[in-house]
Each structure stands twice: as structure tokens, then as C-alpha cells.
Amino acid sequence: VEQPQPDAWERAVAIELSRLLVRDEALERQRQRRDARSPIQIMDREALSAMPRSQPLIAGWLGRGQTARLYGPPGAGKSFAAIEMAACIADGRPWHGYPTHQGEVVYFAVEDCEGVALRLRAWEMHQRTEHRGHVVSTPVQMNVPTVHRVLAAIRAYFGASPLALIVL
């Protein structure tokens, strides 16, 4: 008696399940090797390959859960670019043609709160809408005790809503 051949869908499901199983096994091995108290995570090739891809906040530019840094000479527009990215993510609008994933945004106005307000107003005028982001206007020196207080304040403000972006 001849066995029926799996169709393309069944093969695709079997391949995906196999891939997920390999990924889960690799991640579990990696977890077992890592010291739970260490803030540094060291991965081998297998665990690195098994990591799930982050979803984009700005397609092709910035992924969820990633850290990015804007740098350049003074006056190059770094702050405005960060404010514009944050406002587009908060509003769910494309950033220079790149799709964004809408979400809650917190922008720390560490340099100049008045300047942030002016830049956001300029963005609103250009986009003909009001931004939906949130600005921390209190000067904050980022050290370990302060970071814990800042995170507690953010949790109290947003509750269980996950943040899409924090701009420092």
C-alpha cells in the first residue's frame, strides 16, 4: 500500500515546527549555560541564529527592543531626527516613507525642554496633527538609583501598556 504524499502546506508546517524545535532547544541550552545574574549575554552561533527577529518600529531603520544612537556634529539635526522618529512612531505615521509600528513613546528632554516643545510644534504644523508622544521634562541624571525611580514613574504612568520607544 502506497503512503499518501504530504502536500506543500503539510511540508511547510513540518519544516516550521522543526525549525521552532531547534530554536527552542538552542535557546534552552544557551539559558542553561548563562549565569542568571550576569547582565552580559554571550551566545554561540546556534543560539544567535535561533533568535527571533525583532519587529520593526521603523522598517529598515529601527527594530523593537533594539538600541540605537544618533551621532553627528552639533547642529546636524540629531535631536530633531529623534523627535521626528518618536512622533511618527507615537502617531503611526510613516517616517520619510518608511512604515512605522505605532506605540507609546517617551522622550526625555535631557538637553532643552523648550527646544523639544518647539521641535514638536514644528512637526505638528508640518504634519497638520497633534503628536501623541510623552515628554519627560524633569532633568534626569542617569545613574542606577535614578533609573529605578524613572522606570517606576513610567510604570505608574503607563500601567501595563508596553512602550514602543524610549528616547534619551
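Details
- In the range 38-57, residue surrounded by the fewest Cβ atoms within 10 Å (Cβ to Cβ) [restricted to those that are assigned to a helix (DSSP H, G or I) and among the small types (Gly, Ala, Ser)]: Ser49
- Matching option when the condition is at pLDDT 90 or above, exposed (fewer than 11 other Cβ atoms within 10 Å of the Cβ) and under 30 Å from Val22 (Cα atoms), among Gly65, Gly60, Gly72: Gly60
The rows are residues; the columns are (1) closer than 19 Å to Ala164 by Cα; (2) touching a residue at least 24 places away in the same chain (Cβ under 8 Å); (3) aliphatic (A, V, I, L, M); (4) open to solvent by 80 Å² or more (accessible area, probe 1.4 Å).
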| position | (1), (2), (3), (4) |
| --- | --- |
| Lys78 | no, no, no, no |
| Ala81 | yes, no, yes, no |
| His101 | yes, yes, no, no |
| Glu111 | no, yes, no, yes |
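- Filter result (touching a Leu at 6+ places or on another chain (Cβ under 7 Å) and surrounded by fewer than 12 Cβ atoms within 10 Å (Cβ to Cβ)) within the range 83-99: none
- So Gln141, is it within 30 Å of Leu21 (Cα to Cα) and either open to solvent by less than 50 Å² (accessible area, probe 1.4 Å) or modelled with pLDDT under 90 (or both): no
- Test: residue in the range 119-135 that is polar (S, T, N, Q) and open to solvent by less than 60 Å² (accessible area, probe 1.4 Å): yes
The values are calculated or read from the model by the stated rules, or taken from the named source; none is laboratory data. As the structure is a prediction and not an experimental result, all values here were calculated from the model. Counting neighbours? That spans all protein chains shown, and the Cβs are built from the backbone with ideal geometry, glycine included. Keep in mind that these areas ignore ligands, DNA and RNA; they rest on the heavy atoms of the full protein, side chains included. Shrake-Rupley method; radii C 1.70, N 1.55, O 1.52, S 1.80 Å.
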